[in-house]
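Written below as structure tokens is the structure these notes are about.
The values are calculated or read from the model by the stated rules, or taken from the named source; none is laboratory data. Bear in mind the structure is a predicted one, so any value in this text is a computation, not a measurement. FYI the Cβ positions are ideal-geometry reconstructions off the backbone, even for glycines, and counts take in every protein chain you see. Side chains included, ligands, DNA and RNA excluded: accessible areas come from the protein's heavy atoms. Shrake-Rupley method; radii C 1.70, N 1.55, O 1.52, S 1.80 Å.
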Number of protein chains: 2
Amino acid sequence: MNPTNLTDTIVALSTPSGTGAIGVIRLSGGEAIAIADRIFKGAKLEKAETHTLHFGEIKDGERIIDEVVIGLFKGPKSYTKEDVVEISCHGSSYIIQQIIQICLREGARLAQAGEFTMRAFLNGRMDLSQAEAVADLIASGSESSHAIAMQQMRGGVSDEIKKLRQELIDFASLIELELDFGEEDVEFADRTKLQELVEKIQKLLKALLDSFALGNAIKNGINTVIAGRPNAGKSTLLNRILNEERAIVSEIAGTTRDTIEEVLNIKGVTFRLIDTAGIREAQDQIEAVGVEKALEKIKQSAVLIYVFDVIQTQPEEVKADLERLNQDNIQVIAVANKMDLNPYTKAEHYTGDHLSEDQFIPVSALNNMNIEFLKDRLYDLAIGQGLNEESAIVSSARHYEALRKAHESLDDVLKGLNDNIPSDFVAMDIRRALAFLGEITGEISTEDLLGNIFSRFCIGK
Amino acid sequence: MNPTNLTDTIVALSTPSGTGAIGVIRLSGGEAIAIADRIFKGAKLEKAETHTLHFGEIKDGERIIDEVVIGLFKGPKSYTKEDVVEISCHGSSYIIQQIIQICLREGARLAQAGEFTMRAFLNGRMDLSQAEAVADLIASGSESSHAIAMQQMRGGVSDEIKKLRQELIDFASLIELELDFGEEDVEFADRTKLQELVEKIQKLLKALLDSFALGNAIKNGINTVIAGRPNAGKSTLLNRILNEERAIVSEIAGTTRDTIEEVLNIKGVTFRLIDTAGIREAQDQIEAVGVEKALEKIKQSAVLIYVFDVIQTQPEEVKADLERLNQDNIQVIAVANKMDLNPYTKAEHYTGDHLSEDQFIPVSALNNMNIEFLKDRLYDLAIGQGLNEESAIVSSARHYEALRKAHESLDDVLKGLNDNIPSDFVAMDIRRALAFLGEITGEISTEDLLGNIFSRFCIGK
């Protein structure tokens, strides 16, 4: 995609393909209105007010293709800041093809994936981070992923980045000023204060970097693996957990399932429940193969729900299982099932260094006892205090990379300050950090970067 | 569906479901604008002009669901003649579900299939035949089916019917006037002229009835069966015919294939090519099973393309094959293949009572000789002079039935006139014919009829 090619007028179907009541074809660019006026028999759009709707016919010579409603947006008051014409036609693939063909013949070209939004970015309607959020918004399948995308589209992440960037620019200005007075050995920038400022910025960067684990998990769903010995009651527990949620999930079309067996929605956060085949015992030892398989899945997950039967499984067996299954960077919940059969089971028999009391959840899947509590714990573990409206959450791997590199550059700045290296080297490191932050909002961008970003959009957006 | 329930405000997604750049949610009814005003943070729609577009946010309390553009159509200047609000949101299933949910909570109800168009009919924006054409238009997959649907939507068939109906009403008025003067034995209606009028109307009805075969074929595609002995060159011929067309057909999504093997488009008319297994010979006799199977397919078809090899097949064999395969109501083309091997083959050796010269098409599939001519003949045979812009074409089985019954009632009128039966009986038969014609345009309708018609629409139209 050549992003500098803004002179073309582009056209695409903006609604999903397939038969429906209506389809919307979008034209954007300098010729959009002129093209529409040539094929539309109705009001003269050139002379019409912006933000108006017009009923009429699309004609191919004398042949009527369809009766349509045209929505007119005159630039810069449009999505792309260019002239935009939206043609609402009957939702027949044949009619849609015909109208697009006529637009092409009249001088438009087919829009590439994301090209309308790319123009919105290039024409300054939104920054790059906001433009990226449009694709996330369209793909969002749960309340929380929707909330993150919406926050980003409305400038949440950008605002944070821009604030940091401004502080850095102020910082840099002082240093650069010193360079201008290089021979006089003045120090406009108080080194101690500068150091404090960099540390403060790094702290903010760190918070954004930390939010990525959560942001990414929310965007893609939180992989949650369920493991346990046979007859621990995994299936019953799974059914209990999923009971009322199934319908809600299935309402949302396009939920990716892949190898995931069940999808659970807790307070708007998607958990992807991955069942393991069950860990089988062999001569009092957990069978190697079972553990192997479980471990593979655990490594790809953020949460492990270990289910055991309080009647059959001894505390030392639970401890052995957990020690075998536990991995770095995974949150563990141990679900003590069949508590109805032994209500006097005590948490302290099971807890210890390998399992805190918080992680021990007594339930009876059969009697639906404590299931809601288990879900709450699951949510708290995965989300914690991460989701609140004030703090920006980074959910893009690209943003994460840029933030990480900016953080590294600031490490170099700090090191330079400590080592008392010449100011021009410090200034260079600051400029590097500025460039990485600028990549996020698109203040600094390359064609490759833009091509990468917008190619993941759908056509017509 | 209860068509009298026009007081509800209805809501539905009008674009195909699935992820896309945008989705359009349509609200129609007395509360449409009030509901939109409650959930939309932007311009006050109540006070806005009709046919205007408004950018703003859909909010659920404090939570922003999406940034949207609202199109406002104030009744009666709308599709349904009611107030209509169209919400263009980001094409995420989650967002679409959320917005529809909020509309429901604010007092709208989900629209049933075709309910927007049903309202357009009930509110007098279009007659029933035109409303039905909207569904045909959406389903149209070829130039000719599109043309028929467009003509019907724009009142083509309705105009013809209304003209006939008006003539009948004039006719009936005179008869009914006679009844008022019953005892005086006056004759306002000249019986001879009346008879001429009925005959003229029947002629028009007949033309419409005759057009149904074509209309139905065009709407659903023309079943064309290909039969021939093995090695006649059927496959090569099929490939030649389909060569350039395949790509065109595959561009149009949703083309029904069912058991049809190939779809061919000639001048915008869809031919469904049904291949037969091939007729095998057994002791100089066409094998019973092969013929049986071919006959089954021929019975469901409008056109038979019989392919034979001018080198291998003798004129008497061709004659025997054709006599076995020929059916009532089927158009036959005999394709003499491999003409390159025997260019001196003469048509008159093959033609006769069973095959006219027009039906004999010499080709060489191998050398691509005469293939275009074959296609032209195929088109002419199937369509003839039927497709011209002046004449209305009936493509609906419901219309056909009503026309047929109207024709029958007029037969009774004619019989009554000939038998000199009392005028009140004649008047009754005329009223019956009027009722059948009124069903087509919806001047006379029942809830059952409407329910049937609109249930074949998609939701949101």
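For the stretch A:116-135, check the following and say yes or no: at least one residue is more than 29 Å from A:PHE271 (Cα to Cα), of a type outside the set (Phe, Trp, Tyr) and touching a strand residue (DSSP E or B) at 6+ places or on another chain (Cβ under 9 Å).
Among the residues of the stretch A:116-135, at least one is more than 29 Å from A:PHE271 (Cα to Cα), of a type outside the set (Phe, Trp, Tyr) and touching a strand residue (DSSP E or B) at 6+ places or on another chain (Cβ under 9 Å), which makes the answer yes.
Take the residues in the stretch A:418-449 that are at pLDDT below 85 and in a helix (DSSP H, G or I); name whichever of them is most open to solvent (accessible area, probe 1.4 Å).
That would be A:ASP448.
A quick yes/no check of all residues on (1) more than 14 Å from every other protein chain (Cβ to nearest Cβ); (2) surrounded by fewer than 21 Cβ atoms within 10 Å (Cβ to Cβ); (3) within 17 Å of the chain's Cα centre (by Cα):
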site: A:ALA111; (1), (2), (3): no, no, no
site: A:PHE121; (1), (2), (3): yes, no, no
site: A:LEU128; (1), (2), (3): yes, no, yes
site: A:GLU132; (1), (2), (3): no, no, yes
site: A:GLN151; (1), (2), (3): no, yes, yes
site: A:VAL157; (1), (2), (3): yes, no, yes
site: A:LEU168; (1), (2), (3): yes, no, no
site: A:GLU176; (1), (2), (3): yes, yes, no
site: A:ASP180; (1), (2), (3): yes, yes, no
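What about B:ASN216, is it open to solvent by 60 Å² or more (accessible area, probe 1.4 Å) and modelled with pLDDT of 80 or more?
For B:ASN216, the condition - open to solvent by 60 Å² or more (accessible area, probe 1.4 Å) and modelled with pLDDT of 80 or more - is not met.
Restricting to the stretch A:108-127, name every residue that is hydrophobic (A, V, I, L, M, F, W, C) and either part of a loop (DSSP other than H, G, I, E, B) or in the same structural domain as A:GLY438 (by TED's automatic domain parsing) (or both).
A:ALA108, A:ALA111, A:ALA113, A:MET126
Kindly indicate which of A:GLN130, A:GLN166, A:GLN195, A:GLN202 is assigned to a helix (DSSP H, G or I), modelled with pLDDT of 90 or more and out of contact with any Ser or Thr (no Cβ under 9 Å at 6 or more places or on another chain).
Only one candidate qualifies: A:GLN202.
Being modelled with pLDDT of 85 or more and of a type in the set (Asp, Glu) narrows it down to one residue among B:ASP258, B:ASP210, B:ASP190, B:ASP185; which is it? Before the answer, list the steps.
Values: B:ASP258 fails: modelled with pLDDT of 85 or more; B:ASP190 fails: modelled with pLDDT of 85 or more; B:ASP185 fails: modelled with pLDDT of 85 or more.
Exactly one residue qualifies, and that residue is B:ASP210.
Could you grab me the full set of residues in the stretch B:335-354 that are among the hydrophobic types (A, V, I, L, M, F, W, C), surrounded by fewer than 21 Cβ atoms within 10 Å (Cβ to Cβ) and either in contact with a Phe, Trp or Tyr (Cβ under 8 Å, 6 or more places away or on another chain) or not in a loop (DSSP other than H, G, I, E, B) (or both)?
B:ALA347
Are any residues in the stretch B:390-417 aliphatic (A, V, I, L, M) and assigned to a helix (DSSP H, G or I), and if so, which ones? First the steps, then the outcome.
If we filter the stretch B:390-417 for residues that are aliphatic (A, V, I, L, M), which is where we start, we get B:392-394, B:397, B:402-403, B:406, B:410, B:413-414, B:417.
Of everything in the stretch B:390-417, those that are aliphatic (A, V, I, L, M) and assigned to a helix (DSSP H, G or I) turn out to be B:ALA397, B:ALA402, B:LEU403, B:ALA406, B:LEU410, B:VAL413, B:LEU414, B:LEU417.
One residue is enough: does the stretch A:395-403 have a residue meeting the conditions without any contact (Cβ under 8 Å) to a residue 40 or more places away in the chain and open to solvent by 40 Å² or more (accessible area, probe 1.4 Å)?
Looking for residues that are without any contact (Cβ under 8 Å) to a residue 40 or more places away in the chain and open to solvent by 40 Å² or more (accessible area, probe 1.4 Å), one finds at least one in the stretch A:395-403, hence yes.
Which condition number in (1) assigned to a loop (DSSP other than H, G, I, E, B); (2) in the same structural domain as A:LYS234 (by TED's automatic domain parsing) is the one that A:LEU378 fails?
All conditions are met except number (1).
Out of (1) under 30 Å from B:ILE266 (Cα atoms); (2) part of a helix (DSSP H, G or I), what's the single condition that is false for B:GLY141?
With respect to (1) under 30 Å from B:ILE266 (Cα atoms); (2) part of a helix (DSSP H, G or I), B:GLY141 is out only on (2).
Can you pull out every residue in the stretch B:305-351 that is under 13 Å from B:ILE361 (Cα atoms) and under 27 Å from the mean Cα position of the chain (by Cα)?
Those that are under 13 Å from B:ILE361 (Cα atoms) and under 27 Å from the mean Cα position of the chain (by Cα): B:ILE305, B:VAL332, B:ILE333.
Hey, can you tell me all the residues within the stretch B:58-95 that are more than 9 Å from every other protein chain (Cβ to nearest Cβ) and of a type outside the set (D, E, K, R)?
B:ILE58, B:GLY61, B:VAL68, B:ILE70, B:GLY75, B:PRO76, B:SER78, B:THR80, B:VAL84, B:VAL85, B:ILE87, B:CYS89 - these are the residues of the stretch B:58-95 that are more than 9 Å from every other protein chain (Cβ to nearest Cβ) and of a type outside the set (D, E, K, R).
Pick from A:SER396, A:SER364: which is under 30 Å from A:GLN130 (Cβ atoms) and among the hydroxyl-bearing types (Ser, Thr, Tyr)?
Among A:SER396, A:SER364, only A:SER396 is under 30 Å from A:GLN130 (Cβ atoms) and among the hydroxyl-bearing types (Ser, Thr, Tyr).
Go through (1) at pLDDT 90 or above; (2) closer than 30 Å to B:GLY23 by Cα one by one and return the number of the condition B:LEU414 breaks.
It is condition (2) that B:LEU414 fails.
Find the residue count for the stretch B:96-109, including only residues that are open to solvent by less than 20 Å² (accessible area, probe 1.4 Å), in contact with an Asp or Glu (Cβ under 8 Å, 6 or more places away or on another chain) and more than 13 Å from every other protein chain (Cβ to nearest Cβ).
2
Filtering the stretch B:1-43 down to residues that are small (Gly, Ala, Ser), touching a strand residue (DSSP E or B) at 6+ places or on another chain (Cβ under 7 Å) and at the interface with chain A (Cβ under 9 Å from one of its Cβ atoms), which residue is farthest from B:GLY114 (Cα to Cα)?
Within the stretch B:1-43, the match that is farthest from B:GLY114 (Cα to Cα) is B:ALA21.
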